[in-house]
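Reading through the structure tokens given below for one structure.
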Amino acid sequence: MSFDRDLVLHRAADLLSRKATATQDEIARAAGISRATLHRHFAGRDSLIRALEDLALRQLQEVADAARLDEGSATEALERLIEGSRPVAGFLAFLSTENQLFEGEEVNAGWERLDARISALFRRGQESGEFRLDLSPAWLTEALYGLVAAAAWTIQAGKTAPRDYTMMISGLLLGGAARRPPLH
């Protein structure tokens with residue numbers, strides 16, 4: 001049987017998004033391989049997490065592509081992005097708990113590209129008058145990631161319904177990001 005790296009990573013992501021503390025043995029079992037095979041391809045948890053980060057970035061780039069961030073209003077594009085992120089939200093929440101990978105001088109260029117695309121969407125919304133000007137696009141991008149993770153966690157914990165995912169995130173983010181006319 002040949003080793004299917006993407007299948008192993010998808011199964012590991014699925015397990016870790018539900019159980020972040022899963023052991024290497026549990027990950028191997030979920031992937032349908034032995035622990036030795038897992039270790040041969042990913043020399044430890046850090047190696048596996050870095051491979052999962054790359055997978056997440058590919059998936060999120062696909063979500064951003066499918067959301068057509070340059071089409072329609074910025075609000076509509078943001079809602080498409082949020083809805084599109086639903087299948088990878090748990091995975092993104094898991095990676096956010098593994099934040100040591102994102103610290104230091106070696107920032108993954110994939111995150112920088114994704115951040116730039118999403119920040120450009122928020123900037124477009126500010127320029128069109130849809131979003132507040134007093135919140136930076138970088139902050140709004142990070143807030144979006146945080147809300148995606150929070151929604152995934154509350155859904156996984158059974159505290160909120162999965163059908164409310166997009167509404168919870170867009171409602172809070174846009175409710176806080178909506179530009180309001182000045183009071184006289």
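What's the Kirkwood radius of the chain in Å, using all Cα pairs?
17.6 Å
To check my understanding: the extent here is largest minus smallest coordinate of the Cα atoms along each principal axis. What are those three numbers for the range 1-81, in Å, largest first?
That works out to 50, 26, 19 Å along the principal axes.
Using a probe radius of 1.4 Å on heavy atoms only, what accessible surface per residue do you get for the chain? Whole Å² is fine. Working shown, then result.
Numbers: 10030 Å² over 184 residues.
That works out to 55 Å² per residue.
Given the peptides 77-85, 41-49, arrange them by the average over their residues of other C-beta atoms within 10 Å, most packed first.
Ranked by mean Cβ neighbours within 10 Å, highest first: 77-85, 41-49.
I want the local charge near Glu76. Using Cβ-Cβ distances under 12 Å, sum +1 for each Lys or Arg and -1 for each Asp or Glu among the other residues. Can you show the working numbers first?
Numbers: positive: Arg68, Arg80, Arg124; negative: Asp70, Glu71, Glu79, Glu83, Glu130.
Summing Lys and Arg as +1 and Asp and Glu as -1 gives -2.
If you place +1 on the Cβ of every Lys and Arg, -1 on the Cβ of every Asp and Glu, and leave all else neutral, what size is the dipole of the chain about its Cα centre, to the nearest 20 Debye?
Charge dipole of the chain: 500 debye, to the nearest 20.
Keeping the other protein chains in place, figure out the carbon and sulfur percent of the accessible area of the chain, with a 1.4 Å probe.
The nonpolar share, carbon plus sulfur, comes to 54 percent.
Put +1 on the Cβ of every Lys and Arg and -1 on every Asp and Glu Cβ in the range 125-184; which of Ala161, Gly129, Leu147 then has its Cα farthest towards the positive end of the dipole?
Value computed over the given set: Ala161.
Give me the net charge of Ser170's neighbourhood, meaning all other residues with Cβ under 9 Å from the Cβ of Ser170; Lys, Arg count +1, Asp, Glu -1.
Numbers: positive: none; negative: Glu79, Glu83.
Net of charged neighbours comes to -2.
The values are calculated or read from the model by the stated rules, or taken from the named source; none is laboratory data. Because the structure is a prediction, the values reported are computed rather than measured. Cβ: placed from backbone, ideal geometry, glycine included. Neighbour counts: every protein chain shown. Ligands, DNA and RNA are excluded from the accessible area calculation, which covers all protein heavy atoms including side chains. Shrake-Rupley method; radii C 1.70, N 1.55, O 1.52, S 1.80 Å.
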